[in-house]
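Since the structure comes first, as structure tokens, the remarks are kept for the end.
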Amino acid sequence: MPASSSSLSVVTDAVQALQAPAEPLSATESVRLLTALGAVPDPRDRRGIRHCVQSILLLVVGAVMAGKTSWIGIAGWAARAEHRLRRCGPTPSAATFARVLAALDPAALQAALDRWIAARLAARAAPPSAAADPAGARRGPRRVLAVDGKVLRGARTPEGQVMLVAAYDTAAAVVVGQVAVDGGDEIAALPAVLNTVADLHDVLITADALQCQRAHATYLIGRGAHYVLGVKRNQRALRDALAGQPWAAVPGLVQSEVGHGRRETRSIRVISTDGQPQLAALFPHAAQIAKIIRRRRRPGPNPTVQTVYLITSLTHRQATLEQLADFARGQWTIDNGLHWVRDVTQSEDRCRVRTGSAPQNLAAVRNTVISLFRLHGHDNIAEAHRVYADQPELIAPTLHAA
């Protein structure tokens, strides 16, 4: 007979409330974070289990909210911090946290967290107003997802380093899906990560030049999405064709920005493929092509100049010059808003967790913590970590309400 499991007060309350509901749960309530974590399968043999997976995961999320990065730090926080999560029984040891997170199926954990964040975003979304979108008005896509990959430094499998590709909602600044790159093929990861998103209708997908693949364009259009993709030398014939267009004869837009110790000027010119079959044939479903020249001047004699070519399925009625420029810049938000935060603020690159699936599972937890902070209005993630580290009693209400 298995030993009795220790429990968290909020978990116990949630389980008791779900045992005999007075009425069916709403779509939002059914994917509360507590419920989502409870749906993750336990990889351990039932004999001798003292801590349920739901309790362990919730303690890990709370510890990461408080800025803990190691198993010892997580276990110490769980045992000593005034977080008001543990109700009775001993807290899991560092070895227990390490063993469970290493054995836990990362796809199952990520799927549970994806369902949770999708429900939270759906609950926040307001229905479009007919007055805001009159007939014939220029209208862009309703949502923008940036797709990019990140290597978990130091984490390796027999196939090599672990790389995760994420789909990032640029407006909400949260991850809506994440998958591990299979066999080092980052290109194949784009449809894999977008398959975790239920509805792509009228969603714009941005990605770097590596993902500028004809098969990807066909896949996205087939799911009702749009794309804005960078074009570089990995598609040499396409890039040369874009570079050879009469850009000097095309009117453009110039934008300037000063900040971070530099002045940046961007010029963008766009050519529509309407009535130009030779352009439309360059790439599946291409509606516009664009050339962006970025000039950055830092203290010093010589500015840096970068030329970027884009190709998009958005027509001139669906995206203005300004919007295309914003979409191109928006691809960088996944680096600044996610990868940099995990690397620097959450010390992911310095993390010594290496065993089994633990690095990927911890990355999923870090994404969840970033989402929790941003859904609660914290734009400064470092400051949010300090708040919850200094006031651990705030963690339980935050997790219970998530």
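The values are calculated or read from the model by the stated rules, or taken from the named source; none is laboratory data. Everything quoted here is computed from the prediction, not taken from an experiment. Cβ placement follows ideal geometry from the backbone for every residue including glycine, while neighbour counts extend to all protein chains displayed. Remember, those area values only see protein heavy atoms, side chains included, never the ligands or the DNA or RNA. Shrake-Rupley method; radii C 1.70, N 1.55, O 1.52, S 1.80 Å.
Do any chymotrypsin sites (Phe, Trp or Tyr not before Pro) in segment 299-364 lie in a DSSP loop with no more than 16 other beta carbon atoms within 10 Å, and if so, which?
Loop-located and lightly packed - Trp332.
Which value at 222 nm does the chain reach when only helices count, each DSSP H run of 4 or more adding -39,500 (n - 2.57), with the total divided by all residues and rounded to the nearest 500 deg cm²/dmol?
Value at 222 nm, helices only: -10500 deg cm²/dmol.
Between Ala108 and Val344, what is the FRET efficiency for a Förster distance of 30 Å, r being their Cβ-Cβ separation, to the nearest 0.05?
It comes to 0.55.
Let me see the pair-distance distribution of segment 211-325: every alpha carbon pair, 5 Å bin width, integer percents in order.
2, 11, 21, 22, 18, 12, 8, 4, 2, 0
Setting aside same-chain residues fewer than 8 positions from Lys291, which aspartates and glutamates have a Cα under 19 Å from its Cα?
Once the sequence-local aspartates and glutamates are set aside, what remains near Lys291 is Asp208, Asp240, Glu257, Glu264, Asp274, Glu322, Asp326.
Give, in nm to one decimal, the length gained when the segment between Asp185 and Asn302 is fully stretched (0.36 nm per residue of separation minus the Cα-Cα distance).
38.3 nm is the gain from fully extending Asp185 to Asn302.
By how many nm would the segment from Ala123 to Thr265 lengthen if fully extended, with 0.36 nm per residue of separation less the alpha-carbon distance?
Residue separation times 0.36 nm, minus the Cα-Cα distance, leaves 47.3 nm.
From the protein chains alone at 1.4 Å, what is the descending order of accessible area for Lys232, Lys68, largest first?
Result of the area sort, largest leading: Lys232, Lys68.
Given a 1.4 angstrom probe, I'd like the percentage of the accessible area of the chain that is carbon and sulfur, rounded to a whole number.
53
When the chain is fully extended, how far beyond the present Cα-Cα distance does Arg80 get from Asp202, taking 0.36 nm per residue of separation?
39.1 nm
Label-point separation (nm) for Thr218 and Ala382, each offset 7 Å from Cα along Cα-to-Cβ?
It works out to 4.7 nm between the two label points.
Can you pull the one-decimal nm distance between simple spin-label points at Glu393 and Arg44, each 7 Å off the Cα toward Cβ?
3.1
In Å², what does the accessible area per residue of the chain work out to with a 1.4 Å probe?
Value returned for the chain: 48 Å² of accessible area per residue.
In nanometres, what is the gap between the two model label sites at Ala281 and Ala209, each 7 Å from Cα along Cα-to-Cβ?
That separation, rounded to one decimal, is 2.5 nm.
Among His400, Asn380, Ala79, which residue has its Cα positioned farthest towards the positive end of the charge dipole of the chain, with +1 placed on the Cβ of Lys and Arg, -1 on the Cβ of Asp and Glu, and the dipole taken about the Cα centre?
Asn380
Note down, for the chain, the three equivalent ellipsoid semi-axes (square root of 5 times each alpha carbon gyration tensor eigenvalue), biggest first, whole angstrom.
They are 43, 23, 20 Å, listed largest first.
Which one of Tyr227, Gly275, Gln255 is farthest out on the positive end of the charge dipole of segment 193-278, using unit charges on Cβ (Lys, Arg +1; Asp, Glu -1) and the Cα centre as origin?
Gln255
Roughly how much of Val387 is accessible, in Å² to the nearest 10, using a 1.4 Å probe?
Accessible area, nearest 10 Å²: 40 Å².
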